[in-house]
Structure formats: structure tokens, C-alpha cells
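Structure first, commentary second.
Quick note: the coordinates plus some simple rules give every number you see, no bench work behind them. As the structure is a computational prediction, the values presented were derived from the model and not from experiment. Positions of Cβ are backbone-derived with ideal geometry, glycine not excepted, and every protein chain shown enters the neighbour counts.
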């Protein structure tokens, strides 16, 4: 067995473990928090209050108009200059959550707007308030519409977590970097990391397809 192949096999599980204990938990936590932010920002964007909608529009503009890496560095390396020091993991979660919030807000807003206005009127007709109609009638329908693009956002987030290695978060890519630095086999280890990211994304894409197929059962054709 060649030395390269042996190194590939020996490093495969440690890198996968780095993904399972670092990359996936980081992505899940950031995505969950980001969805809450996204929903809030989406509702603010739809608000009739110009100040409220303006604040939300500004937030989305900043998040979508600046690189994720810069946002990550501002939080981890920039805030300490203001006296606010945040550990690597919380910094990564904050940066990724805010980023998901900015992109997810537009997805959710578009999904809400895609629900026919007649659904709002139907809710009002049976005595529901605007808030109750939104919660019980509009959001469930918007959720189905937003699943595909939000799933894609999550898959992209899994790959974007590799940036967390730059602020010393131990995840899939950082484990690969550490092994590569020790073995000096940079090409082999980086290609192996890319392969494992690809495998993770294949599994997630398969899960996305199953969810979409299940939701499609409730759509009239």
C-alpha cells in the first residue's frame, strides 16, 4: 500500500469526525438561530411602518452586500478593539446566524408574498386577527414554499463553515489543515476534505429531496 493511500485512509475518519462534531453542529446551531432572525426580519420588511421596514432593508443590504469572511473577522478580530472579546465558537455562530438571517429573510418574505391574498381574507372572514391569520394560515403555506431555497441555504452554510477554521474553530477543514501541516501532504489532504464535504452535501441533498417529495403530496396538481 502506497504511503499516500495509507495516509488517506488513516486521516479519513478524523476528518469525518471533525465534520460530525464541528461542522454539522456549527451549521445546525447557526441555521436554527438564523431562521429566527430571518423570520423577524422578513416580517419587519413586510411591515407598513417605514422605519421598521427601512431597518430591515438596511440589515439585509449590509449582510448581502459584504463577504461572509469579512463579517466573521469583524466579530472575532474587530470587536476586541472595542473591548468585546468573543470566543471562536460563539463568534462563528453569531456571524453565520446573522448571514443566514439576511439571506433567509428574503426567502421567507418572498414565500409569504406568494400566498394568495385570498388566504388573508379567508382568515379575516372567520374572525381571525392579522396575527392569528399569519400564524395559522399564511406561515404554514409559506413554509412549504420556502423549504427548497432554505434547504439550499443550509447546504451552502455547511460548506461556508470551513471559514471558521480561520478563527481557530476545530471543524472538518481545520482538522484537514492540521494533518496536512504535520504530513506535508497538502494536496492530498485538501482533496480529501473536498471529497468529504461533497459526501456530506450529497447526503443533505438526498434528505432535501425526500422532504420536498413529502411536502409535494399536499399540493394539488
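So here's what we get for this one:
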read-out: GNM flexibility winner over the chain from 202, 28, 172 (Cα, springs under 10 Å); value: 202
read-out: Sorted by Cβ density within 10 Å, fewest first, the residues 133, 161; value: 133, 161
read-out: Inter-probe distance in nm under a simple model that places probes 7 Å from Cα toward Cβ, at residue 62 and residue 195; value: 4.3 nm
read-out: Residue of 180, 38, 105 that the Gaussian network model of the chain assigns the largest fluctuation, springs spanning Cα pairs under 10 Å; value: 180
read-out: Ratio of Rg to Rh over the stretch 1-61 (Cα coordinates, Kirkwood Rh, two decimals); value: 1.44
read-out: Angle between the chain longest axis and helix 3-18 axis [Cα atoms, degrees, rounded to 10]; value: 40 degrees
read-out: Mean separation of Cα contacts under 8 Å (6+ apart) over length of the chain, as relative contact order %; value: 28 percent
read-out: Pair residue 168, residue 210: separation of 7 Å Cα→Cβ label points (nm); value: 3.9 nm
read-out: Cα extents of the stretch 3-216 along the three principal axes, largest first (Å); value: 72, 47, 22
